[in-house]
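These notes are about the structure you will find just below.
The values are calculated or read from the model by the stated rules, or taken from the named source; none is laboratory data. Because the structure is predicted, anything quoted here is derived from the model rather than measured. Don't worry about glycine lacking a Cβ; one is built from the backbone with ideal geometry, like all the others, and counts go over all protein chains shown.
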Amino acid sequence: MKLDTCRLTGAMSAVAGALHAASGFHETWDPAAFAELIAMPGAGGCLALDGETPIGLVLWRIAADEAEILTICTAPARRRQGAGSYLLDTAITVTAAAGARRLLLEVAVDNMAAIALYRASGFTEVGRRADYYQNAEGPVDALILAREI
């Protein structure tokens, strides 16, 4: 599969919201939330495209020399095909080029596939937030992961 990316803009908020809603997260962001997030100072992101079909997205924010991935997701039917790695690599490259030296993210402790992806990309645990996420079974801790870029 050959993927491309395009810069995520406010005009793509509906696409971003639909991808996020389909991702399986218990709490998802609607198009209005994406429009607001994309408009924040230091925010950026991209869609992963297979041809013209959006199959995933990543959204980040940069402040000074630190960047944070706000969300990253892949359409369920397209998982385990390299799109998540592609999006993560894109975020690392773009935020580093913009001057970030460290990239952080948060992930639910029960999201083993995502944790494996992040660890394979050099992220290590730097903290934990108790009961940060909510899923069908109740509150779930978040791992705070970081890597130098």
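Just a few scattered comments:
- Ala63 over 11 Å from the mean Cα position of the chain (by Cα) and either crowded, with 20+ Cβ neighbours inside 10 Å or at pLDDT 95 or above (or both): yes
- Answer from Leu143, Leu87, Leu117, Leu103 - the residue that is under 24 Å from Leu8 (Cα atoms), among the hydrophobic types (A, V, I, L, M, F, W, C) and free of Cβ contacts under 8 Å to residues at least 40 places away in the same chain: Leu117
Residues checked against (1) at pLDDT 95 or above; (2) part of a strand (DSSP E or B); (3) touching a strand residue (DSSP E or B) at 6+ places or on another chain (Cβ under 7 Å):
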position: Cys46; (1), (2), (3): yes, yes, yes
position: Leu59; (1), (2), (3): yes, yes, yes
position: Leu87; (1), (2), (3): yes, no, yes
position: Ala91; (1), (2), (3): yes, no, yes
position: Leu104; (1), (2), (3): yes, yes, yes
position: Val126; (1), (2), (3): yes, yes, yes
position: Arg129; (1), (2), (3): yes, yes, yes
position: Tyr133; (1), (2), (3): no, yes, yes
position: Pro139; (1), (2), (3): yes, yes, yes
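- Taken together, Ile92, Ile38, Ile144 contain a single residue that is closer than 20 Å to Asp4 by Cβ, touching a Gly at 6+ places or on another chain (Cβ under 6 Å) and aliphatic (A, V, I, L, M), which is Ile38.
- Near pairs, Cβ below 8 angstrom, 6+ apart or cross-chain, from the stretch 59-72 (in contact (Cβ under 8 Å) with a residue 60 or more places away in the chain) to any residue that is in a strand (DSSP E or B): Ala67/Trp60; Ala67/Arg61; Ala67/Arg102; Ala67/Leu103; Ala67/Leu104
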